[in-house]
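Note sheet for the following structure.
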Amino acid sequence: MQNQIVIVGGGAGGLELAALLGRRLGPHEGPRKVVLIDRAIFHLWKPSLHEVAAGSLDSRQEGLDYLMLARRNHFRFMLGEVEGLDPVARRLRLAETRDVEGALLIGARVLNYERLVLATGAGSHLFDTPGAAEHACLLEDVADAEAFHRRLAALFLSSAYDSRRLLRIAIVGAGATGVELATELLEGHAVLSAALDPTERFTLEVTVAEAAPRILGGLPEAVAAKAARALKARGVRLAVGARVTRVRADSLETSVGEIPADLIVWAAGVKAGEINRTFGLATGRLNQFVVDDRLRASAPGVYAMGDCAEAPGPDGRPVPARAQAASQEAAYLARVLTRPGDPEPYHYRDRGSLISLGPGHGLGSLMGGLAGPDFLIEGLVARWAYMALHLEHHRVVVGLRRTVLLALSRLIHRRVSGRLKLH
């Protein structure tokens, strides 16, 4: 069977594209023409991974089942992971799928396509740092976030009975993920401390190491400065200008000295998978697929979007690896793939950035906002705007009514079960 449009990767951009295409084609044409492939069975908005890692979000409750999404949005879902691509024959090779115990579930398969959209995302950039792969936790997907949470929960409990009464966590990278994770860890510790006997309470020391001279390098300086003050007021140690030279099991070696740590998480840099270089397509230095201003890769009929794509930006630099870029590219490709003729170029529009600093707290900048080209917001307004981004993603893939129900369900669940989850 020849599939007209195959999308590889069910992240924010890939899933939104499949949903938009499926709904435009309708219940009769959509499932025949649009296929979404992902190696997981459910979807979680990637900017929420730090909440899963810290234990403030239940991935099983928040996750959206791909099969349910496929049925409601009129596309077909296929569980699998691409291990090879023949762009000349327009053929994908999917690896065999095994369960957690290694038993074979689905054999290797070959899939033909007319047009292919690669939305496989990207992972962490370890910069060849010695010891990073062995000793640092990553937050690239749900499995990573859940593994980190299991270690964190064990350390939270053991620290309450350890003679030191101290837990030290080091975060490498002061981008949005690193800053938001630091905040969630402090919130979780505060909730746990309130439930412990005074004799069992312990100190949590969180250090964020950043090679650049300031945190949140992709955001305006005013936002970064406010965030730095807020983090320091909460006791977070910010080690800026600290390039990590080695990661050990119990410490970071940096250009400004050693940082002791019982748990280390790497949240610095973005780099796509090495397998991208084997697909017969042009790739950049970060293994991203090089695309033109219409998101076309170097082979006919192949497009790339999101974090795995190196797309030309408005200032001559590549479009940044951000959720809003993936969403804009999904909307663009949904038009391109359903309209005949030569498409108009894709233009990335920076809508601003928002950072969550815990319940009721947030910071951000809105580009082209109400008060000039860089309108700063903070506090509850910024926090609500941050939550609205998540809800907008849900609206695209499940509709307005179900998004409202999901938001209410999450609010009620958090009120009943509490903010911190150790299970």
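Share of antiparallel DSSP beta bridges in segment 35-151, in percent to the nearest 5?
Around 75 percent antiparallel, to the nearest 5.
Name the residue, out of ARG76, ARG285, ARG32, whose mean-square fluctuation peaks in a Gaussian network model built on the chain with Cα pairs under 10 Å.
Of the options given, ARG285 has the highest mean-square fluctuation.
Calculated from DSSP H runs of 4 or more alone, at -39500 (n - 2.57) each and per residue, what is the 222 nm mean residue ellipticity of the chain, nearest 500?
-11000 deg cm²/dmol
Can you work out ³J(HN,Hα) from phi for every residue in segment 307-324, in order, using Karplus 6.51 cos²θ - 1.76 cosθ + 1.60 and θ = phi - 60°, giving whole Hz and x for Gly and Pro?
Once rounded to whole Hz, the list reads 5, 7, 10, 9, 9, x, x, x, 9, x, 8, x, 4, x, 7, 9, 4, 5.
Where both partners of a DSSP beta bridge lie in the chain, what percent of those bridges are antiparallel, to the nearest 5?
50 percent
Three principal axis extents, largest first, for the C-alpha atoms of segment 34-156, in Å?
51, 39, 29
Say the dipole of the chain comes from +1 at the beta carbon of Lys and Arg and -1 at that of Asp and Glu; which of VAL117, ILE412, LEU216 then lies farthest toward its positive end?
So the residue furthest toward the plus end is ILE412.
Can you list, bin by bin at 10 Å, the percent of alpha carbon pairs in segment 38-94, starting at 0?
20, 35, 31, 12, 2
Using only Cα atoms, locate the centre of segment 207-262 and the centre of segment 75-136, then give the distance between them in Å, rounded to an integer.
Cα centroid to Cα centroid, the span is 33 Å.
Just the number, please: carbon plus sulfur as a percent of the accessible area of segment 122-209, 1.4 Å probe, no ligands or DNA/RNA counted.
54 percent
Tell me the volume per residue, in Å³, of the convex hull enclosing the alpha carbons of segment 119-216.
132 Å³
Answer with one residue from ALA194, PRO130, VAL142: the one whose Cα lies farthest towards the positive end of the charge dipole of segment 124-218, charges on Cβ with Lys, Arg +1 and Asp, Glu -1.
The one lying farthest along the dipole's positive direction is ALA194.
Per residue, how large is the accessible surface of segment 16-66? Use a 1.4 angstrom probe and give square angstrom.
Accessible surface, normalised per residue, equals 36 Å².
Running a GNM on the chain with Cα contacts under 10 Å, which residue among ILE171, ILE264, ILE106 ends up with the highest mean-square fluctuation?
The residue that fluctuates most here is ILE106.
About its Cα centre, what dipole magnitude does the chain give when the only charges are +1 on Lys and Arg Cβ and -1 on Asp and Glu Cβ, stated in debye to the nearest 20?
Computed charge dipole of the chain: roughly 1040 debye.
Whole number in Å², please: accessible area per residue of segment 89-190, 1.4 Å probe, ligands, DNA and RNA not counted.
45 Å²
Of the candidates LEU157, LEU57, LEU167, which one comes out as most mobile in a Gaussian network treatment of the chain with C-alpha springs shorter than 10 Å?
So, out of LEU157, LEU57, LEU167, the one fluctuating most is LEU157.
Of all DSSP beta bridges in segment 207-338, what percent run antiparallel (nearest 5)?
65 percent
Can you give me the convex hull volume of the Cα atoms of segment 149-303, divided per residue and expressed in Å³?
Taking only Cα atoms, segment 149-303 has a hull volume of 159 Å³ per residue.
In terms of the Cα gyration tensor, with a ≥ b ≥ c the square roots of its eigenvalues, is segment 203-251 rounded because a/c is under 1.5, prolate because a/b exceeds b/c, or oblate?
Oblate is the answer for segment 203-251, as a/c is 1.5 or above yet b/c matches or exceeds a/b.
For the charge dipole of segment 15-126, defined by +1 on Lys and Arg C-beta atoms and -1 on Asp and Glu C-beta atoms about the Cα centroid, which residue among LEU105, PRO47, GLY26 has the Cα displaced farthest towards the positive pole?
It is GLY26.
Starting from the eigenvalues of the Cα gyration tensor, five times each then square-rooted, give me the equivalent ellipsoid semi-axes of the chain, largest first, whole Å.
36, 23, 23
The values are calculated or read from the model by the stated rules, or taken from the named source; none is laboratory data. Just so it is clear, the model here is predicted, and its values are computed rather than measured. Quick reminder, even Gly has a Cβ in these numbers, built from the backbone with ideal geometry, and neighbours come from all protein chains shown. We work out accessible area using only protein heavy atoms, side chains counted, and drop any ligands, DNA or RNA first. Shrake-Rupley method; radii C 1.70, N 1.55, O 1.52, S 1.80 Å.
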